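FYI, it's all coordinate maths here, none of it is from the lab. Please read these numbers as outputs of a predicted model, since none were measured by experiment. Ideal geometry is used to build each Cβ from the backbone, glycine not excepted, and the neighbour counts take in all protein chains shown.
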Amino acid sequence: MTKKVLNQNAKYVQELINAIEPDFNFSKEPINRMKVFKNNKENSNQDKFGLLKNLREKINSIENCNLKKNSLNLVLGDGDINSSIMLIGETPGEAEESTGHSYQGEIGSLLKKMLSAINIKIEKVYSTYSINFRPPEDRKPTAQEIKRYSIFLKEHISIINPKIVILMGSTAMESVTGLNNRISGERGKWKEIILKNITYPLIITFSPSYLIRFPENKKYSWEDLKKIKQKILDLNIKI
């Protein structure tokens, strides 16, 4: 009798398909339309928009930077600025540079599917990059460049103030944690970073661009996604 070999890719695809089936939840609780709550949210948004505008100006004021010099657009971030989940990628690519928005084209489509697999719409998270300019010929940023931009990235995290930070790729890992080990040895583990006396849980995983080049590693990303989903449940995050 021969032992049946499981097709891991097929299993991942099936789990992905099953996870993106419609799942509607309805509440009998009345909607609270009191003006005071609306104003509080508007004030919070105005504060964050102002801080993000200042951050953009700081990044644009960088001098003697080849990344800035050779890039067409600064890509700051997209999505819900009040989201409990902040997703940090490595660097913008050609599609992101041309539009000024994060996660476009094939990479954006894959990220959307990954998040949908754990019932999260991409517009419900806030996404940004470790470095806000596209490197020439999409090269990997140097350690000096990563360190220089990490100051702005950590300020960015403090402004958004998420409950969970997801680091996608080795550049994101090094920017936030300072680790420059192989990402395969660090992914899937919950860690913490403290910024301005606030502790942020974070997890490291592969970037969508890496998974497009090496699709055989999607099974590991699926394991990471399930851990993220469990953390959302543990922290009772509504998203």
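Fewest-first ordering of ARG187, ARG148, ARG213 by other beta carbons within 10 Å of each residue's beta carbon gives ARG213, ARG148, ARG187.
In plain terms, the chain from GLN230 to ASN64 could stretch by 55.4 nm, reckoned as 0.36 nm per residue minus the Cα-Cα distance. Ordering 90-99, 47-56, 219-228 by mean Cβ neighbour count within 10 Å, with the highest value first, yields 90-99, 219-228, 47-56.
Taking 0.36 nm per residue of sequence separation and removing the Cα-Cα distance, the ASN45/ASN73 pair yields an extension gain of 7.7 nm. With an a/c value of 1.5 or above and a/b not larger than b/c for the gyration tensor axes a ≥ b ≥ c computed over the alpha-carbon atoms, the range 44-146 is described as oblate. Here the residues THR142, THR171, ranked from fewest to most Cβ neighbours within 10 Å of their Cβ, fall in the order THR142, THR171.
Cβ-Cβ distance of LYS140 and SER184, R₀ of 22 Å, FRET efficiency by 1/(1 + (r/R0)^6): the value works out to about 0.85. Counting every Cα pair in the range 35-234, what percent are over 21 Å apart? Of all Cα-Cα pairs in the range 35-234, 50 percent lie more than 21 Å apart.
Taking neighbour counts of Cβ atoms within 10 Å as a proxy for exposure, in what order, fewest first, do GLU63, GLU106 appear? Ordered from fewest to most neighbouring Cβ atoms within 10 Å, GLU63, GLU106 come out as GLU63, GLU106.
Other residues lying with their Cβ under 15 Å from the Cβ of ILE151 contribute a combined charge of +2, Lys and Arg counting +1, Asp and Glu -1. Compute the distance from the alpha-carbon center of the range 40-105 to that of the range 127-174, in whole Å. Using only Cα atoms, the two centres lie 11 Å from each other. Placing pseudo-labels 7 Å out from each Cα toward the beta carbon at ASN54 and GLU223 gives an inter-label distance of 4.3 nm.
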